[in-house]
Structure formats: structure tokens, C-alpha cells
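The values are calculated or read from the model by the stated rules, or taken from the named source; none is laboratory data. All values reported here derive from a predicted model rather than from experimental measurement. Here the Cβ positions follow ideal geometry from the backbone for every residue, glycine too, while neighbour counts run over all protein chains shown. Ligands, DNA and RNA are stripped out before the accessible areas are found, and what is left, the full protein with its side chains, is counted by its heavy atoms. Shrake-Rupley method; radii C 1.70, N 1.55, O 1.52, S 1.80 Å.
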Amino acid sequence: MHTRPNWAEVSLSRLQHNFHTVRELTAPQVTLCSVVKCDAYGHGVVRCSQALEAAGAPWLGVTSTEEGVAVREGQVKTPVLVMTGFWRGEEEEVLRHDLTPAVASFEHLDALESAAEALGRPAKSVPVHLKVDTGLSRLGLDESELPRFLERLARSPYIVLQGVFSHLASAEVLDAADATEQIARFRQILARIEAAGFSPTYRHLANTAATLARPETWNNMTRPGVALYGYELPFSGNGEVKPLGLKPVLAWKTRIIATRDIAPGTRVGYNGAWTAPRATRIGVIPVGYGDGFTRHLSSAGRVLVRGEYTPIVGNISMDLTTVDLTAIAGAEIGDEVVLIGEQGKNQILATEHARFAQTVVYEILCGLSPRVPRIYTE
Ligand SMILES: *Cc1c(COP(=O)(O)O)cnc(C)c1O
């Protein structure tokens, strides 16, 4: 039961709108793999996967076996790519739930073969996507291991090379030299794979930034994540990206639970970090860093009350935050407060929180804690 007035509204129709918009951008040659990792960037992986499937999403991408299993338990039948591969011992779960694993090591191949044999799977029934490193130096097969890996794949009784992919380090930096190098390297690796007699169905390199800004990275599949949730990224560097008009999917709301009128010179909150410069009406909202409301907004960020921007004053606590209501005529206990989202003519984006916290919008969205209930709306 959720009775504390602190909730997130997730608009599934906006999610579907964003999916269709990105699909139109890349149609017809590109298959979208909608990334729903990290609980769909905090939006809720099961409901978002169901909505994306209903919108016609042909693929979903997750970053753990557990998350793939959760999607399946939500009755979602769409192919699911486990983009980071799987950990020792998860291979049978991967096959049982019909998840498509990324592979990047010989150990992955050995484990999948043992699992396929143990489960009595037919020959050539286990599709995988080979992840190759093109310069991110994180996960991915090193190009030097490619010939031996392809020989091993060719001999495999169960495994089929369905896809090849890599990931860019600086796609949102429009003139990044390393992105150009990674794109060239990926092409070269694809050519080597083809020369060895393989013809993987899917070739993919692009995240949101590359999908929006670099058609040369599309190949025949892209993997947008943050775009689906309505954020078109802060791009940097030389170049221009046409805005798509994506809509933020998540709104975060609360209510004023207490007010107090204080005299000039009164200090507010932990460490008395803010002092009232004049007679001030303080409003208290039941949200804090324990909900993922970043403490970097202390005496810096703002919220919306009665359609107006209202400054946060004092340090954000674990469960409570204080705002300055002095300028908001009639503000009272029970008023709805928007932390992220729209109210009247005004709007606060998660990117604003990211700017104060000197981080990326991804961290703000993923940081919304599980104790904030997600309410799904059309
Ligand atoms: C997270 C992720 C994506 C999506 O990234 P966005 O920037 O959110 O579009 C794509 N591919 C991989 C491998 C990822 O880990």
C-alpha cells in the first residue's frame, strides 16, 4: 500500500510515442532494440516492456539475466538481448527463458554448449550476438582473438551467430575522433567475420546518441535507451542534431505536508545551511535523497507549486525537503508539488537535476529509489 504522497507517474503512451518517433527516424532499414536495462531506466521494466511489445518493438535489451527473466515473467514474448552476456551458472536460465545472450569469451561458448546439451536442445538452436571491443575497452572480444573465436563458433554444434555488435565511447560528442575510429574498426571486424563465412542477421553499434546523430552507425539495428524515456541528450562538439520532439515519460510528484512562517534570520534544516533573508513561508515535502532526490539540489534546485517555480531552501534530508513558498499566493498543505514534470505552463526536466549534480540524466532516472511507487498512466 502506498499512502505517502510521493509518487512517479510513468506515461506508457509517451513511451510508445517515443518508440514510434525513433522508429520513423530510422525506418525502414533498421530494427530497433529498445533498451530496458536498469528497470527501464527507473521506469519499471515489466510494464515498459509490455507497452513496447504492444507498440510493435521487435527487440528488447537488458543487462542481466535476472532482468530478462523478469521480462519473461511479465508474459513478454519479444526477443530479449542480454547485452552484457551472462555470469557463470546463469546459462541454463538464459536458455530456459529464451533470452539471447551477448557472448564475448570462449567461456561463454563452453557454458552455453553444456547448457544446451543438458537441456537436450536441438542442433544449431542457440542464437548469440558476438560483442566485439572497438575501443571502449570494457566488455567485448578483442579483435586479436577473432580468428580463433570464429573457428570455435564454426565447430559449435548448438550456437548460431545471429548478431555482431559493439558500443561507442563518445557518441554524444559530435566531432569525437574516437567515434570515427570505432566506426571504422567495427566495419573492418564485420568484413573479417563475413570473409570467414558468417553472415550474422543483425549488426549494431548505435545507442541513442548515435541513432540520433550518426546514421552511418545504424547498420541494420540500433539500441536506443534514453530516447525512449524522452531525453534527446545534451550533445556537444561541432555539429547539429535535429530535435525529434520526444516526450519525457516520467513525472515525479509529491504534496506539501506542512508549512511554517519564519522570521528573518531563522535558519532552516541540517547545519542551518540556509537563513531566511526576510519573513518566509516554508513548505515541507516528503521527499529526500533516500528517494533519489539528489542532495546536490540543496538550496539550488527548484520545484513547481501552483504552476510556479519555487526554490528549494536548505539541505535536502533523507526523507524531507524544504521549499520557499513565500511568493506562491495561497499555497497550502495538500498542494501538489512537481519535482520532475509539467505543471501549468512550466516544466522541470531530469536534465536539470543532472546539471546540479554534475552528472548525466541517466543517473537521475536510474537513481529514483524503489520506495517511490510507479503509477502507470496512458
Ligand atoms: C545502455 C546501453 C544502450 C542504450 O544507451 P542510451 O544512451 O540510453 O541510448 C545501448 N547499448 C548498450 C550496450 C548499452 O549498455
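Over what distance in Å are the Cα centres of region 72-113 and region 1-53 separated?
Taking the Cα centre of region 1-53 as reference, the centre of region 72-113 is 22 Å away.
Send over the semi-axes of region 12-229's equivalent ellipsoid, whole angstrom and largest first, taken as the square roots of 5 times the C-alpha gyration tensor eigenvalues.
On the way: eigenvalues 133, 108, 38 Å².
Those come to 26, 23, 14 Å.
Could you give the angle, 0 to 90 degrees to the nearest 10, between helix 12-26's Cα long axis and the longest principal axis of the Cα atoms of the chain?
50 degrees
What lysines does Lys77 reach when the alpha-carbon gap must be under 26 Å and sequence neighbours fewer than 8 apart in one chain are set aside?
Cross-link targets: Lys37, Lys124, Lys131.
Tell me, what ³J(HN,Hα) does each residue in region 290-307 have, in order and in whole Hz, if you take phi through Karplus 6.51 cos²θ - 1.76 cosθ + 1.60 with θ = phi - 60° and put x for Gly and Pro?
Per residue, the Karplus-derived 3J(HN,Hα) values read x, 9, x, 7, 4, 5, 5, 7, 3, 6, 9, x, 8, 10, 10, 10, 6, x Hz.
Provide the per-residue ³J(HN,Hα) series for region 117-134, in order, calculated from phi with Karplus coefficients 6.51, -1.76, 1.60 and θ = phi - 60°, each as a whole number of Hz, with x at glycine and proline positions.
5, 4, 8, x, 6, x, 4, 6, 10, 10, x, 9, 10, 7, 9, 10, 8, 10
State the percentage of accessible surface on region 3-141 attributable to carbon and sulfur atoms; use a 1.4 Å probe and exclude ligands, DNA and RNA. Each step should come with its number before you reach the end.
Working: 2800 of 5540 Å².
Whole-percent figure for carbon plus sulfur exposure: 51.
Write down the percent of antiparallel bridges among all DSSP beta bridges whose residues are both part of the chain, to the nearest 5.
On the way: 30 of 60 bridges.
Restricted to the chain, the bridges split so that about 50 percent are antiparallel.
Leaving out same-chain residues fewer than 8 places away, which aspartates and glutamates sit with a Cα under 16 Å from that of Lys253?
The qualifying aspartates and glutamates are Glu9, Asp291, Glu308, Asp319, Glu332, Asp335, Glu336, Glu342, Glu352.
For region 222-378, give the magnitude of the charge dipole about the Cα centre (Cβ charges: +1 Lys/Arg, -1 Asp/Glu; no others), in debye to the nearest 20.
On the way: 16 positive and 14 negative charges, 28 e Å.
So the magnitude is around 140 debye.
Carbon and sulfur atoms: what percent of the 1.4 Å accessible area of region 167-229 do they account for? List each step's numbers first, then the result.
Working: 1090 of 2310 Å².
Solvent-exposed carbon and sulfur of region 167-229 make up 47 percent of the total.
Using θ = phi - 60° and the Karplus form 6.51 cos²θ - 1.76 cosθ + 1.60, what ³J(HN,Hα) does each residue of region 186-194 get, whole Hz, x for Gly and Pro?
3J(HN,Hα) across region 186-194, in whole Hz: 4, 4, 5, 5, 4, 5, 5, 5, 5.
Give me the angle, in degrees from 0 to 90, between the Cα long axis of helix 45-54 and the longest principal axis of the Cα atoms of the chain, rounded to the nearest 10.
Taking the Cα atoms of the chain, the angle to 45-54 is about 70 degrees.
Show me 332-343, 296-307 ranked by packing, highest mean number of other Cβ atoms within 10 Å first. Can you show the working numbers first?
Values: 332-343: 17.7, 296-307: 19.4.
In descending order of packing, they fall as 296-307, 332-343.
Amide H of Arg302: which non-local residues (sequence gap of 5 or more, or other chain) have their own amide H closer than 5 Å, using H built in the peptide plane?
Ile312
Can you give the accessible area per residue of region 107-260, in Å², using a 1.4 Å probe? Display every interim value, and only then the final one.
On the way: 6660 Å² over 154 residues.
Per residue, region 107-260 has 43 Å² of solvent-accessible surface.
If I take R0 = 35 Å and measure r between the Cβ atoms of Arg306 and Ser137 in this structure, what FRET efficiency does the formula 1/(1 + (r/R0)^6) give, to the nearest 0.05?
Numbers: r = 50 Å, r/R0 = 1.44.
For Arg306 and Ser137, the calculated efficiency is 0.10.
Could you order the peptides 320-329, 276-285 from most to least packed, using the average number of other C-beta atoms within 10 Å per residue? Numbers along the way, then the final one.
Numbers: 320-329: 20.3, 276-285: 17.8.
Answer by packing, highest mean first, reads 320-329, 276-285.
Binning at 5 Å from 0, report for region 250-377 what percent of all alpha-carbon pair distances ends up in each bin.
Taking every Cα pair in region 250-377, the percentages come to 2, 11, 22, 25, 21, 12, 5, 1, 0.
Could you work out the equivalent-ellipsoid semi-axes for the chain, taking the square root of 5 times each eigenvalue of the Cα gyration tensor, largest first, in whole Å? Present the calculation step by step, with values, prior to reporting the outcome.
Numbers: eigenvalues 416, 93, 63 Å².
Listed largest to smallest, the semi-axes of the chain are 46, 22, 18 Å.
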